[in-house]
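> Below: one structure in structure tokens.
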Amino acid sequence: MSVAGLVLAAGRSARLIAAGPAPGAPDSASDRPFLKLLLPYGPVTVIEASVGAALAAGLSPVIVVVGHRAAEVRRVLQALGEPVVVVENSAYGEGQSSSLLTGLQVAIERPEVEGMAVLLADEPGILPSSIDAVVAGWREAGADIARAMYQDRPGHPVVFGRSSFEMLGALRGDRGAASLLRDLRHAVCTVRIGSSAPVDVDTAHDYRKALRQRGERSAPE
């Protein structure tokens, strides 16, 4: 039995584009808006860092749902090889739930998958150890759902057991998993993580903050 990873990577980067160019945007010299998932993050891109953390934590398979500029994102992920399953959500404009449903279908079709850890592609600072801790806490508690509780806020990953897949499948529109967690808050196991949450890169300011966070975590003690 295994826990799959579901990395949501279908968005348009609308808030980051609205905030103006971010430093290091790979196509900032062209007329085409850049895509935040392809921004540099150390030696890799934002999405490679997020997916790489899922792989390092042993999630299998790692399902990446793409949408906006899917072909470009696919090309970057090809280098990560067979453990990554890239699926396209043609209805990504309908909201996050459509991407959840797209990835969920892949997990449902694999009987060896006992749970699914949901991650965001624009949180490149997610640590494999944090993913490991939440998966372990979910297993130990025997809960349907477990989520990370960082020092500063709740966050990802959120692990859903197969018993909760039907509830996930009922989501529609922009009603993402967060709304389900609110509805079922008394049944959700929280796993304490002894660090601050990874930065969610929505704006140019967030991107700079994520790079600083990476530098702090990479600095020798």
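> Which one of Gly103, Gly52, Gly95 is under 24 Å from Ser130 (Cα atoms), open to solvent by less than 30 Å² (accessible area, probe 1.4 Å) and in contact (Cβ under 8 Å) with a residue 40 or more places away in the chain? Lay out the reasoning, then the answer.
Working: Gly52 fails: in contact (Cβ under 8 Å) with a residue 40 or more places away in the chain; Gly95 fails: under 24 Å from Ser130 (Cα atoms).
Every option except Gly103 fails the conditions.
> Suppose we filter Gly125, Gly137, Gly142, Gly115 for residues that are at positive phi and of a type outside the set (S, T, N, Q); which single one remains?
Gly142
> In this structure, does Val135 turn out to be within 19 Å of Val7 (Cα to Cα) and not basic (Lys, Arg)? So that I can check it myself, show each step before the final result.
Working: within 19 Å of Val7 (Cα to Cα): yes; not basic (Lys, Arg): yes.
The answer is yes for Val135.
> Could you list, ordered by first residue, the pairs with Cβ atoms under 7 Å in which the first is in the stretch 195-221 and modelled with pLDDT under 95 and outside any helix (DSSP H, G or I) and the second is open to solvent by 50 Å² or more (accessible area, probe 1.4 Å) and among the basic types (Lys, Arg), at least 6 apart or interchain?
That search, which allows pairs on different chains as well, returns Asp202/Arg15; Thr203/Arg15.
> So, one more: Can you tell me which residue within the stretch 55-75, out of those that are in a helix (DSSP H, G or I), open to solvent by 20 Å² or more (accessible area, probe 1.4 Å) and touching a strand residue (DSSP E or B) at 6+ places or on another chain (Cβ under 6 Å), is nearest to Ala197 (Cα to Cα)? Full working, then the answer.
Within the stretch 55-75, the first condition is being in a helix (DSSP H, G or I), and the residues that meet it are 55-56, 70-75.
From the residues that got through so far, the ones that are open to solvent by 20 Å² or more (accessible area, probe 1.4 Å) too are 55-56, 71-72, 74-75.
Applying the additional criterion that residues be touching a strand residue (DSSP E or B) at 6+ places or on another chain (Cβ under 6 Å) yields 55, 74.
On the way: Leu55: 19, Arg74: 27 Å.
Checked the stretch 55-75; the qualifying residue nearest to Ala197 (Cα to Cα) is Leu55.
> Could you please find all residues in the stretch 106-151 being open to solvent by 60 Å² or more (accessible area, probe 1.4 Å), within 20 Å of Pro61 (Cβ to Cβ) and among the small types (Gly, Ala, Ser)?
Passing the criteria: none in range.
> Now, a different point. Please determine, by comparing only the residues of the stretch 95-147 that are basic (Lys, Arg) and more than 14 Å from the chain's Cα centre (by Cα), which one is farthest from Val73 (Cα to Cα).
My answer is Arg139.
> Can you tell me which residues in the stretch 26-49 are buried (at least 21 other Cβ atoms within 10 Å of the Cβ), in a loop (DSSP other than H, G, I, E, B) and at pLDDT below 90?
Selection gives Leu35 alone.
> Output the residues belonging to the stretch 123-152 that are at pLDDT below 95 and in a loop (DSSP other than H, G, I, E, B).
Correct list: Gly142, Ala143, Asp144, Asp152.
> For the stretch 164-183: of the residues being part of a loop (DSSP other than H, G, I, E, B), modelled with pLDDT under 80 and open to solvent by 50 Å² or more (accessible area, probe 1.4 Å), which is nearest to Leu101 (Cα to Cα)?
Filtering first and then ranking leaves Arg172.
> Please name all residue pairs, on different chains or six or more residues apart, with Cβ atoms under 6 Å, provided the first residue is in the stretch 63-92 and is of a type in the set (Asp, Glu) and the second residue is surrounded by 18 or more Cβ atoms within 10 Å (Cβ to Cβ) and assigned to a helix (DSSP H, G or I).
Within 6 Å, the pairs are Glu88/Ala70.
The values are calculated or read from the model by the stated rules, or taken from the named source; none is laboratory data. This structure is a prediction, so every number in the text was calculated from the model and none was measured. All Cβ positions, glycine included, derive from the backbone under ideal geometry; neighbour counts span all protein chains shown. Accessible surface areas use protein heavy atoms only, side chains included; no ligands, DNA or RNA. Shrake-Rupley method; radii C 1.70, N 1.55, O 1.52, S 1.80 Å.
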